[in-house]
Each structure stands twice: as structure tokens, then as C-alpha cells.
1. Using Cβ contacts closer than 10 Å as the measure, can you line up Ser265, Ser139 from fewest to most?
2. Return the distance in nm (one decimal) between the two label points of a simple spin-label model at Asn192 and Ile216, each offset 7 Å from Cα along Cα→Cβ.
3. For segment 1-63, which GluC sites (Glu not before Pro) are both in a DSSP coil and crowded by at most 16 other Cβ atoms within 10 Å?
4. Fewest to most neighbouring Cβ within 10 Å: what's the order for Asp39, Asp186?
5. Only helical DSSP H runs with n ≥ 4 go in: add -39500 (n - 2.57) per run for the chain, normalise by residue count and round the 222 nm mean residue ellipticity to 500 deg cm²/dmol.
6. Using Cα pairs under 8 angstrom and six or more residues apart, how large is the relative contact order of the chain, in percent?
7. What residues have an amide H closer than 5 Å to that of Ala56, excluding those fewer than 5 places away on the same chain, when H is modeled at 1.01 Å from N in the peptide plane?
8. Report the Stokes-Einstein translational diffusion coefficient (µm² s⁻¹, integer) for the chain, Rh taken as the Kirkwood radius over Cα pairs, at 37 °C with viscosity 0.692 mPa s.
Amino acid sequence: MNLSEKIDYSINLLKKSEKMALRLDPENGFYLAFSGGKDSQALYHIAKMSGVKFKAHMNLTSVDPPEVIRFVKKYYPDVELIKPQMSIYDMAIKEKMLPTQTIRWCCREFKEVSGAGKITLLGIRKQESTRRAKREEVSTLIGGKKKEEYFDQFSQHNESMITCVNGKDKIMISPIIHWSEKNVWDFLNGMNIQHCSLYDEGYTRIGCILCPMASIKQKIRDCNRFPHVRKKWIDTINRLIKNGYRFNNMPNAEFAFNWWISGKSFDKFYADDVLQQKIEFK
């Protein structure tokens with residue numbers, strides 16, 4: 001499909017699923033998960049074009065780039081900003097560990113808790129990662145069981161599904177699941193839609209500062225741009241050490257922080273970044 005066809009497909013998907021959204025939330029319709037990033041922008045504007053009823057929400061984490069928050073407040077004033085009940089640093093103490101690529105409790109605690117009992121709109125795309133390549137238009141989490149399927153497959157038994165949605169159960173629809181990154185930029189630029197300035201500075205993703213999923217290059221950029229966040233994470237590591245967390249007997253909190261942002265196992269980090277430096281020094 002070309003971009004025009006993908007836009008029509010996305011709009012049609014939203015229109016077909018609106019009845020379910022209104023059944024669960026007659027006042028607001030869809031629960032649109034917004035982040036201020038390019039994909040959530042595309043999702044927001046596609047929802048606007050489709051004419052469906054929705055309310056956009058942005059879950060803050062306490063490590064959100066201030067540029068993103070200012071951007072959202074200026075260009076998307078209707079988006080509800082939801083402040084966390086606990087900072088991510090205090091949550092790390094509660095979890096007794098830092099968030100990692102494989103154990104992203106940060107997403108679970110700050111992002112994925114929202115939209116329960118509603119039809120949630122997500123701006124995810126298959127092209128983003130091998131993990132997301134397995135996602136489909138509709139993702140359901142009912143009774144702890146997760147399922148991926150096309151909307152037409154899902155709609156055949158949606159009546160029984162809808163009656164089951166309550167508590168933490170979720171039905172998530174991804175209208176731009178088949179879009180490429182180029183599609184997103186072509187759509188935004190073609191509509192003359194303003195994007196966050198961080199993209200113009202070389203950022204490829206503008207989520208949380210020092211996100212475990214970011215590249216090491218971006219994490220180093222974050223450390224230089226947001227030194228206060230780096231300091232707070234080092235302070236948090238010191239708190240964890242005082243509480244008995246060993247960090248593989250690392251010599252100090254700063255060493256542990258450098259290991260954490262590397263995204264490597266401790267053995268690989270020690271071999272690549274410590275032993276190699278000693279060899280080069282000699």
C-alpha cells in the first residue's frame with residue numbers, strides 16, 4: 001500500500017472500531033495514548049481526520065524531556081498530562097533494581113497501567129522492532145491472556161470480548177501498525193504538522209531521558225544534555241547499594257551507572273570498557 005492507501009486503511013479501522021469504544025466509554029470514546037513523539041502525532045491526527053470520538057492522554061514518568069512537555073502543551077493543549085504518583089527514582093527503590101532492556105518495569109508502572117477497561121489507541125508500528133513486528137491491529141489482554149489479531153478476526157467475537165473487559169483488561173488498537181517511519185514523516189510534513197525540536201537535534205526517539213531502549217549514543221547525549229538526571233540516577237544507585245543491592249560488587253555508583261547505560265552484561269562491560277582501557281593504557 002502507498003501512503004494514501006494506508007491513511008484510508010487507518011481511518012477505516014478507527015471508524016469500524018468506534019462503536020466498541022463508545023460502548024465502553026460513551027463520554028470519551030477511545031483512550032488515545034500520546035507521547036509527543038512523531039508516531040503518536042500521526043495517530044492523533046489520523047484520529048482527528050476520521051472524526052471518531054477520543055480523548056488523548058500522556059503519562060509522565062518524571063524523566064520526560066522538558067522540550068517534549070513544552071511542545072505538547074503548546075501544540076496539543078487538549079492532551080491530558082497525567083503526573084506519576086511516585087517518581088521513577090523512588091520506583092526503582094521499590095522495585096529494588098534499575099529498569100533494563102529486558103525488565104522494563106518503568107513501562108509497566110508508568111505507561112501500560114492506563115487505558116484499562118477502555119479501547120486504547122496506540123501509535124506502534126511493525127517496522128520499529130522485531131518484537132513489534134509480531135503485533136497486529138488488535139491486541140487484547142483479557143484475564144491475563146494476550147492475543148494478537150486483525151480487526152476483522154477480532155470483530156467476529158467482539159461481543160463476548162467487550163463484556164469481559166473490566167479491571168485491568170485491555171483492548172488495544174494500532175491504526176498505524178503497517179506504516180513505515182518514512183510514511184510517518186511524509187504524513188506529518190505533508191500536513192505541515194510541527195514536530196518536537198529534539199528530532200532536529202539528531203534524536204531519533206524522544207521518550208524518557210536515559211531510556212533503557214535508547215542507543216548508547218543517545219544515552220551519552222542525554223547525560224550531557226540532562227546532567228541532573230544522570231546525577232539523580234547515580235544517587236538512586238547509592239540508595240540501592242545502601243539497601244543491600246550489590247551491583248556485582250562494583251566499586252562505586254558511578255561505575256554502576258556507566259555499566260547500566262551501556263546496556264551490556266556485566267562481564268561484557270568489564271571486558272570491553274575496563275580491561276580494554278587497561279590494555280590501551282599499557
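1. Sorted ascending by nearby Cβ count, the order is Ser265, Ser139.
2. According to this spin-label approximation, the distance is 4.4 nm.
3. Answer by residue number: Glu27.
4. Least crowded to most crowded, the residues run Asp186, Asp39.
5. -13000 deg cm²/dmol
6. 21
7. Amide H neighbours of Ala56, under 5 Å, 5+ apart: Leu32, Glu80.
8. Reported coefficient: 159 µm²/s.
Throughout, read-outs are computed from the coordinates displayed, never taken from laboratory work. Owing to the predicted nature of the structure, the values given are computational and were not obtained by experimental measurement. Please note: Cβ atoms are built from the backbone with ideal geometry, for glycine as well, and neighbour counts cover all protein chains shown.
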